1. Please state which of the following conditions I71 fails to meet, knowing it meets all the rest: (1) at pLDDT below 90; (2) closer than 19 Å to Y116 by Cβ; (3) assigned by TED's automatic domain parsing to the domain that holds R6.
2. What single numbered condition from (1) at positive phi; (2) touching a residue at least 40 places away in the same chain (Cβ under 8 Å) fails to hold for M76?
3. Here is a list: L115, L64. Which entry is more than 21 Å from I5 (Cα to Cα), outside any loop (DSSP other than H, G, I, E, B) and modelled with pLDDT under 80?
4. Is it the case that some residue within segment 1-18 is within 16 Å of the chain's Cα centre (by Cα), surrounded by 15 or more Cβ atoms within 10 Å (Cβ to Cβ), of a type in the set (V, I, T) and not assigned by TED's automatic domain parsing to the domain that holds A111?
Amino acid sequence: MNELIRRLQPFRWKCFQVLLVAGENDSTRTLRDARKFLITNGEYQEFCNRHSQQKCFVAEPNRLMAKSYLILDEDMRFLDRDGRQPSASILDVDVEKALASVFWDERAFEARGGLYDWSRESESCVVAREKLDW
């Protein structure tokens with residue numbers, strides 16, 4: 001994929017390892033079944049090694065991702081990564097109360113670069129925007 005990525009010139013390319021989430025995507029009884037997309041840690045690392053020279057490349061293996069994301073489901077409930085029930089819907093309770101009922105690993109969030117400066121302008125973003133200017 002290296003040549004295609006060079007041609008596309010994305011500002012940031014996040015590459016996630018497929019993560020199974022109990023009750024969400026782990027069987028034929030769930031809405032989604034991601035088991036067929038699973039790869040080993042070694043296979044993921046090989047992919048990362050092949051693409052690591054891309055300056056936009058950001059790897060997110062399961063060990064960093066598993067508990068460092070706050071994810072809302074279609075009912076606006078935070079999903080819990082420790083196997084407990086999802087939070088109450090933020091449509092029914094305030095966000096702080098909903099967050100208090102799920103586990104979120106703030107250290108892992110910071111370790112994976114979750115605090116990201118979205119206001120930064122990269123040269124490729126500016127060039128791309130100019131090309132798209134109507």
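The values are calculated or read from the model by the stated rules, or taken from the named source; none is laboratory data. From a predicted model like this one, the values you see are computed outputs, not experimental measurements. With ideal geometry, Cβ positions are generated from the backbone for all residues, glycine too; neighbour counts draw on all protein chains shown.
1. It is condition (3) that I71 fails.
2. The failed condition is (2).
3. Just a single option satisfies the conditions, and that option is L64.
4. No, segment 1-18 has no match at all.
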